[in-house]
């Protein structure tokens, strides 16, 4: 059991009253389940500290589960992780004309390229180092985010092929509405992508991998798989549309836990927390030492969020504060200070439950778990 801030709940003692328990075995099994759905190679996306789960451990687990590529959005993040990454190809794609790419190229990190300026920046850096840079050219098929529009695509391909310091190893794009399973946008984007690949090959490109699908494409649109798929949220046991992950053969990889710092009886009519936005009957309240500074969404205040405690659920009452929130344990609650609650994950409500209460998506719940919450990586904590 490891943690960036020391072990917690070891030998009956704690060094911190909260922790995010992460199952490396769950990540491995999720990747293996995703790998079984496709003939394409799998790039496990470990950006944003592996969606809040801890990138170093998650990357190793993903490769052990069958991923042969790793995706990390920020170049700086990829460079920082590279010394600890397993033997897998790494793609990073967010950089500007002022980004220092030298370390990334020395480490052999592949780079996403989405406009002429990026082509020149990567090529010039590679030339200065006396190296060849592997690049993945991005076409915008309907996301209006990264990549060039189809009418500018031939110019981008020619520019990249014209620089001897570059090796065009990939062509890629991103789906905008693949989580809406029946929406026709995905089919249209797939057609545009296939056309862009064909045009690039006519100009002389010979990409090693063509990749379009992230989690939703992998799960529900097999025609989008091409040579490589890029699952992100599903690696961590969540469905990209917020549906039940178990129905997809996935299992949550994180459980957010805390020790109650205070338990007290209160009389009927007691108002709770800032603004007195909630009032309780005669009951027992518990204080959970997590708040919006730790990623617990304040928007979920008084909107049906719960925690798991003693085999039951307890509602969150009153406004969620920066460092703590209050739960109604019930009038006959047996809990005392020091007892554990599960904020989300196995043994408590699902991440999706908190997302619905906060009016957001499951992606934001785990990625916003703050840095002062220790990530404790274990093998199989709840099987």
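So for the range 316-336 (the condition being in contact with a helix residue (DSSP H, G or I) (Cβ under 6 Å, 6 or more places away or on another chain), part of a loop (DSSP other than H, G, I, E, B), buried (at least 19 other Cβ atoms within 10 Å of the Cβ) and not assigned by TED's automatic domain parsing to the domain that holds residue 236), does at least one residue qualify? Among the residues of the range 316-336, at least one is in contact with a helix residue (DSSP H, G or I) (Cβ under 6 Å, 6 or more places away or on another chain), part of a loop (DSSP other than H, G, I, E, B), buried (at least 19 other Cβ atoms within 10 Å of the Cβ) and not assigned by TED's automatic domain parsing to the domain that holds residue 236, which makes the answer yes. Taken over the range 47-87, the criterion of being closer than 18 Å to residue 111 by Cβ and touching a residue at least 40 places away in the same chain (Cβ under 8 Å) is satisfied by 47, 69, 71.
Quick grid of which residues meet (1) in a helix (DSSP H, G or I); (2) closer than 22 Å to residue 157 by Cα; (3) touching a helix residue (DSSP H, G or I) at 6+ places or on another chain (Cβ under 8 Å):
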residue	(1), (2), (3)
188	yes, yes, no
191	yes, yes, no
198	yes, yes, no
206	no, yes, no
213	no, yes, yes
217	yes, no, yes
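Assess whether residue 8 counts as being more than 25 Å from residue 246 (Cβ to Cβ), at pLDDT below 95 and crowded, with 17+ Cβ neighbours inside 10 Å. It would help to see each step written out before you state the result.
Details: more than 25 Å from residue 246 (Cβ to Cβ): yes; at pLDDT below 95: yes; crowded, with 17+ Cβ neighbours inside 10 Å: yes.
For residue 8, the condition - more than 25 Å from residue 246 (Cβ to Cβ), at pLDDT below 95 and crowded, with 17+ Cβ neighbours inside 10 Å - is met.
If you go through the range 23-69 and keep only what is in a loop (DSSP other than H, G, I, E, B) and surrounded by fewer than 23 Cβ atoms within 10 Å (Cβ to Cβ), you end up with 36, 37, 38, 39, 40, 65, 66, 68.
All of 179, 183, 241 fail the test of being over 21 Å from residue 70 (Cβ atoms), surrounded by fewer than 20 Cβ atoms within 10 Å (Cβ to Cβ) and within 16 Å of the chain's Cα centre (by Cα), apart from 241.
For residue 99, the requirement of being in a loop (DSSP other than H, G, I, E, B), under 18 Å from residue 210 (Cβ atoms), more than 21 Å from the chain's Cα centre (by Cα) and in the same structural domain as residue 55 (by TED's automatic domain parsing) is not met. Only one residue in 253, 200, 214 is surrounded by 19 or more Cβ atoms within 10 Å (Cβ to Cβ), under 24 Å from residue 382 (Cα atoms) and either modelled with pLDDT under 95 or not assigned by TED's automatic domain parsing to the domain that holds residue 321 (or both), so which one is that? The conditions single out 253. For the range 126-155, taking the residues that are assigned to a helix (DSSP H, G or I) and under 30 Å from the mean Cα position of the chain (by Cα), the one that is surrounded by the fewest Cβ atoms within 10 Å (Cβ to Cβ) is identified as 150.
The values are calculated or read from the model by the stated rules, or taken from the named source; none is laboratory data. Quick caveat: nothing in here was measured; it's all calculated off a predicted structure. Cβ atoms come from the backbone with ideal geometry, glycine included; neighbour counts cover every protein chain shown.
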